[in-house]
Amino acid sequence: MHIYFDHQYNDTAHSFDTLRKATALALDLTARPIDGVELVSPAAAAYEELLDAHDGDYLDAILCGVPSSLAESQGFAWDEGLPKAVFASTGGVRDAARRALELREHSGSLSSGLHHARRDIGAGFCTINGLAVAALDAVQRGAQRVLILDLDAHCGGGTASIIDGHPGIEQVDVSVSRYDEYRSRPTARLSFASGANYLDVVERELEAITDPSTIDLVLYNAGVDPHEWAGGVSGITHDTIEAREAMVFDWADTNRLPVAWVLAGGYTGGSLDQDGLVALHRMVAEAAAHRFIGV
């Protein structure tokens with residue numbers, strides 16, 4: 001299984017978890033490899049590719065830093081490494097999706113900071129919406145039906161806004177926070193869960209997906225921030241996240257669906273240090289690898 005990563009993902013002046021944890025997880029996967037997993041460097045996304053999901057004025061601001069109202073709209077002070085980081089990270093999502101679609105097998109990217117970014121502005125520490133970029137690219141490559149499964153703690157309102165009106169792309173979104181909330185629509189269904197019923201809601205939403213065998217590609221935004229120590233809610237523990245990852249990949253494999261997964265959410269502080277955050281994110285790689293088959 002290919003997992004895409006390049007040190008440019010983190011090539012900025014910022015120390016925030018969204019921009020740093022990819023390197024920490026890559027180092028962990030190198031020191032403690034998972035059988036059958038290979039870290040692969042992606043090609044950075046090109047400016048022209050991003051125009052399908054983002055406005056040119058916004059992309060120009062990311063490249064040059066002005067106006068700052070756009071360049072820093074996601075919540076980071078701009079530096080010259082930021083465009084390199086987000087273009088590389090977006091390339092990782094795209095390459096993971098292409099591999100999953102073309103070879104019908106699971107793949108991943110250590111990309112994060114995606115689903116709040118809108119067409120013309122960033123938000124919530126998300127600069128480029130790599131989920132939307134990869135979904136649109138997959139449709140252009142012949143996919144008839146792409147599912148974005150968003151299990152970050154927060155709502156994927158940015159993704160929902162970009163894919164709205166694009167036939168063949170849909171989103172199923174289970175959140176534990178109202179941040180970036182949006183109204184459910186034909187292309188995006190939003191549900192909320194608590195610590196007590198989280199796995200039940202995820203299972204219900206997976207079972208409610210119609211005709212899953214007709215899905216060509218699943219893009220999985222594997223947020224660990226529902227965890228009670230990672231910014232989420234009480235009652236969602238390590239065991240909960242581990243069970244969720246098993247549930248997602250069991251559902252995918254039952255329906256013979258290739259999954260391209262990415263990192264999302266999860267923040268250090270309080271009871272969670274960097275090693276603990278890496279351990280949470282490693283669960284999605286392990287679940288995907290342990291169920292890795294050519295589907």
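Here are the numbers for the structure shown:
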| item | result |
| --- | --- |
| Longest DSSP-loop-exposure-free segment, GluC sites (Glu not before Pro), the chain, at most 15 other Cβ within 10 Å | 182-295 |
| Extended-chain gain in nm, criterion 0.36 nm per residue less alpha-carbon gap, Asp120 and Arg189 | 22.6 nm |
| For the chain, built as a Gaussian network whose Cα springs stay under 10 Å, the top-fluctuating residue of Ala43, Ala208, Ala243 | Ala208 |
| Amide hydrogen neighbours beyond the local backbone of Tyr4, cut-off 5 Å, H modeled | Val40, Gly108, Ser109, Leu110 |
| Sequence-distant residues sharing a close amide H with Arg189 (under 5 Å, placed H) | Gln171, Val172, Asp173 |
| Among Ala26, Gly157, Leu70 the positive-end extreme of the charge dipole of the chain (Cβ point charges) | Gly157 |
| The range 134-238: chymotrypsin sites (Phe, Trp or Tyr not before Pro) falling in loop per DSSP and having at most 14 other Cβ within 10 Å | Tyr179 |
| Backbone HN-Hα couplings from phi across the range 5-10 [Karplus 6.51/-1.76/1.60, Hz, Gly and Pro as x] | 7, 9, 4, 5, 3, 10 |
| Karplus (6.51, -1.76, 1.60) ³J(HN,Hα), θ = phi - 60°, over the range 228-234, in Hz, Gly and Pro reported as x | 4, 9, 10, x, x, 10, 4 |
| Under 14 Å, Cβ to Cβ, from Arg256 - net charge with Lys/Arg +1 and Asp/Glu -1 | -2 |
| Fraction of antiparallel bridges per DSSP, the chain only, in percent to nearest 5 | 10 |
| Under the Karplus curve 6.51 cos²θ - 1.76 cosθ + 1.60, θ = phi - 60°, whole-Hz ³J(HN,Hα) for the range 103-109, x wherever Gly or Pro sits | 9, 6, 9, 5, 8, x, 9 |
| Computed [θ] at 222 nm, deg cm²/dmol, the chain (DSSP H ≥ 4; -39,500 (n - 2.57); rounded to nearest 500) | -12000 deg cm²/dmol |
| Computed over the chain, Kirkwood Rh from alpha-carbon pairs, angstrom | 18.5 |
| Neighbour net charge for Ala44 - beta-carbon separation under 13 angstrom, K R +1, D E -1 | -3 |
| Surrounding net charge for Arg189, when Lys and Arg each add one and Asp and Glu each subtract one, Cβ distance under 14 Å | -4 |
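Each value in this text was obtained by applying a stated rule to the coordinates, not by laboratory testing. What you are looking at is a predicted structure, and each value in this text was computed from that prediction instead of being measured. Cβ atoms come from the backbone with ideal geometry, glycine included; neighbour counts cover every protein chain shown.
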